[in-house]
1. So if R0 is 22 Å, what FRET efficiency would residue A:153 and residue B:16 give, r being the distance between their Cβ atoms, rounded to the nearest 0.05?
2. Between residue A:23 and residue A:277, what FRET efficiency follows from the Cβ-Cβ distance if R0 is 25 Å, with the result rounded to 0.05?
3. Using Cα springs under 10 Å in a Gaussian network model of chain A, which residue among A:31, A:116, A:237 shows the largest mean-square fluctuation?
4. Would you work out the relative contact order for segment A:69-288, in percent, from Cα pairs under 8 angstrom that are 6 or more residues apart?
5. Is there a simple number for the mean count of other chain Cβ atoms within 10 Å of the Cβ of residues in B:174-185, and what is it?
6. Counting only other chains, what is the mean number of Cβ atoms within 10 angstrom of the Cβ of each residue in peptide A:178-188?
7. Can you give the alpha-carbon Rg of the protein assembly as shown over 2.2 N^0.38 Å, where N counts its residues?
8. Over chain B, with a Gaussian network built from C-alpha contacts below 10 Å, which listed residue (B:50, B:116, B:61) shows the highest mean-square fluctuation?
């Protein structure tokens, strides 16, 4: 209010002048951060085509000759091909089980009014807060007792158990918001409870189910500690478990190690290239929980 | 009669729909968590044939007497400090960039978020080699001779910074969702009143993003106890335990020193602290909304 006209004009001038400066700074920062993100990834990709001589002390240089053999060594000798297959099918199966069983349970939790609904729902919510590391020892113990060590199906069920609370939480929340008129109309038309679930509720809930699926898949593909504890047979290793094998290992040839890293990252990069908006939205929804 | 039968049918179907998800969750997450609490009162070397010996709270006494436990707690606090001191400003700055009226902002957004979808083992290995002391990218680019991951007091901060490299883009989206929710007319009104860009940032954007800052705080505080993969891949908690986290210490107590009682006590401490943190923080979050 006390600003004089002259000051006001100066102020406006300086602010237009500033806006130009600010946007230059913004672009510099944005490109700098993009560079900081991409450069280590690019260097890794380049190293995956190099010989040791071109890696040691010259990680930043481009390969003079492209050693595709590194990839053959990674996929065959370092068994990364096998690990890639293992990881993809373990992640896919545990994701599928999580969303199928999760949607079934969520449907009842969101739509029925039995007395046991609230306690069970609350138990699932508690599961969202439980740190999975607290289960390492008992899971290891259960695996020994029931022969789950070194077996993929046990790992798949463990991943499913870890992802279910979040999936149930997200899907139930969404299903509660679906109008009851839809399923009432279907019931009057003679649709059974199961019919309502598969014909109405699941198709309408696809956005949140796909969010839960994305979260479950990313978790299962990248999970390290339980694969370290449960898998000992190299042919059963997942990608993180196989890559972990390289840490602290002084291998003779680094090229195949870098190729293995690229192979392990590739599926997620490909999926992200096609689904980046969905994945971003899904992961934020998963963190904020609704 | 027909109606009653339908009702009973629906109850049966409801139970059958919940049962698979609930039993997997119960057996592989809820029960193991409870068993961790139980095991924390016993001395046990992890071998099924060897009987467990009840020793009351002695495992907890051992853990609290263990200097590495306090190193692990200190390192968790370093992750929290890094979160608020480094991650938060970067993420908020990136959020301003991708919500502003700049070119290529979708490109930036996609690139900034990308590290989150890579398996942590991949990221950890990439940075381990980039920071390798003898031939790594950073030392050879800048002609340095620093043992980034081997030097006590330095290496945990290096891991913290790599953690911020991963999650900056993710938290950027949490702040961005707060920024885009702000009513555009507020900025227009402020411009008419002669507010500078800085005024708008401090008096409109920051206060109205309070919700995003709260979500960030909850994720940062509850997350700092649970870091495992990145530390384990990059330093394995070493050298000489200086970069231990609660979860890496749990792992080495159990699978290196065969001390499953102490390890279970650490599980229980992680469990209790993260439950307290999420309950208190979530309550605080919801109260502020009222």
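1. Values: r = 22 Å, r/R0 = 1.00.
In this case the efficiency is close to 0.50.
2. On the way: r = 25 Å, r/R0 = 1.00.
Between residue A:23 and residue A:277 the formula returns 0.50.
3. A:31
4. Numbers: 219 pairs, mean separation 80.1, N = 220.
Reported relative contact order: 36 percent.
5. Working: counts 3, 0, 2, 4, 0, 0, 0, 0, 0, 0, 0, 0.
Per residue, the number of nearby Cβ atoms from other chains is 1 on average.
6. 0
7. Numbers: Rg = 26.1 Å, N = 580, 2.2 N^0.38 = 24.7 Å.
With N residues counted in the protein assembly as shown, Rg over 2.2 N^0.38 Å equals 1.06.
8. B:50
All of the numbers you see were taken from the coordinates with simple rules; none came from a lab. These numbers come from a predicted model, not from an experiment. Because the Cβ atoms are built from the backbone with ideal geometry, glycine has one as well, and the counts that use them run over all protein chains shown.
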